[in-house]
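Chemist: Have a look at the structure that comes next, please.
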Amino acid sequence: MAKRPQFETDQIYHVFNRGVEKRDTYNEEADYFRFIYSLYECNDKNAVVMRDRIKERIKRNVIGPTYVNYQGPTLVNSERELLVEVIAFTLMPNHYHLIVRQLIDDGISLFMKKLGNAYVGYFNEKYKRSGMGSLFQGKFKAVHIKKDEQFIYLVWYVFTNPLDLLDKNWRNEGIKDTKEAIGYMRSYKWSSYLDCIGIKNFPSVTSRDFLMNSFDREKGIKNFIEEGVFEESRIKNNLNRAKDLILE
């Protein structure tokens, strides 16, 4: 397991954590929405009281009681002082992947502390987990992304992660039905991939300019990500290039 790096401002990191004993960390759609909502609200140097912000957003009809309205670019808070740029994310049933750039000193550590407290507090209260221990496997893990090539293949890995839910052996045996696989990726809601290929999903959460420029905009990222599941040899090549960044 990679050792967590000393975070440097203006540098990019892959941040990851998994449910304790690989347990699911989202039990229903509202939980996924709440985690993604927290990605936005907790990205603030200022104090964040989630209950107050939720009441405010519901009053303004920005979100519904189960966060289902939380999709569009209307969720804007000009008073936020960002800790990180959230470049990309994917949520899986028992873990998450984030690609973030630190904007201020200690920004990643503070962001992850706020995010963890907000979501775990919500989850424990909702499912009455008092006294049941941690939800995630200790402190989050992170790897420093030092080269453009590393970034590109990490993005491929993060955005293709949902294919594990379609076929858990796809990385070793290849994709049996490419059309089905691409359709699945384009329908998987709990990721920022859709926003990157021009389908509005959770556009307020991520800062995508660096990613878009790295892949030559929406068409470039769609081609790179999706063509990377066409052939078994290409899958193995991409995985090999990302192997030191994925913390598995």
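No lab work stands behind these numbers, since they all come straight from the coordinates. Only a predicted model underlies this, so the values are computations on that prediction, with no experimental measurement involved. Positions of Cβ are generated from backbone atoms using ideal geometry, with glycine treated the same way; all protein chains shown enter the neighbour counts.
Chemist: Mind putting a number on the dipole of the chain about its Cα centre? Charges go on the C-beta only, +1 for Lys and Arg and -1 for Asp and Glu, and I need it in Debye to the nearest 20.
Modeler: My answer is approximately 580 debye.
Chemist: Pop the C-beta distance of residue 173 and residue 52 into the FRET formula with R0 = 51 Å and round what comes out to the nearest 0.05.
Modeler: 0.55
Chemist: Between residue 24 and residue 213, how high is the FRET efficiency from 1/(1 + (r/R0)^6) when r is the Cβ-Cβ distance and R₀ = 30 Å? Nearest 0.05.
Modeler: In this case the efficiency is close to 0.25.
Chemist: If you don't mind, there's one more thing I want to ask. If you plug each phi of the range 162-171 into the Karplus form 6.51 cos²θ - 1.76 cosθ + 1.60 with θ = phi - 60°, what whole-Hz ³J(HN,Hα) values come out, in order, with x for Gly and Pro?
Modeler: x, 5, 4, 7, 8, 7, 5, 9, 4, 5
Chemist: With a cut-off of 8 Å between alpha carbons and a minimum separation of six or more residues, what is the relative contact order of the range 186-239 in percent?
Modeler: 23 percent
Chemist: In percent, how large is the relative contact order of the chain, given Cα pairs closer than 8 Å and 6 or more residues apart?
Modeler: Computed over the chain, the figure is 29 percent.
Chemist: If you fit an axis through the alpha-carbon atoms of helix 178-187 and take the longest principal axis of the Cα set of the chain, what angle between them do you get, 0 to 90°, nearest 10?
Modeler: 10 degrees
Chemist: Quick one: which of 105-111, 14-20 comes out on top by average Cβ neighbours within 10 Å, and what's the full order, highest first?
Modeler: Top of the packing list down: 14-20, 105-111.
Chemist: While we're on this one: Helix 148-160 sits at what angle to the longest principal axis of the chain, using alpha carbons and giving 0 to 90 degrees rounded to 10?
Modeler: It works out to around 80 degrees.
Chemist: For the chain, what does the equivalent ellipsoid look like in terms of its semi-axes, each the square root of 5 times an eigenvalue of the Cα gyration tensor, given largest first in whole Å?
Modeler: 28, 20, 20
Chemist: Moving to a separate point now. Most fluctuating residue of 165, 194, 82 in a GNM of the chain with Cα springs under 10 Å: which is it?
Modeler: The residue that fluctuates most here is 165.
Chemist: How high is the relative contact order of the range 147-245? Use alpha-carbon pairs under 8 Å, at least six apart in sequence, and give a whole percent.
Modeler: Dividing the mean separation by the residue count of the range 147-245 yields 40 percent.
Chemist: Hey, what number do you get for the chain at 222 nm if only DSSP H runs of n ≥ 4 count, each worth -39500 (n - 2.57), divided across all residues, to the nearest 500?
Modeler: -12500 deg cm²/dmol
Chemist: How much length, in nm to one decimal, is gained on full extension between residue 184 and residue 244, taken as 0.36 nm per residue of separation minus their Cα-Cα distance?
Modeler: 19.0 nm
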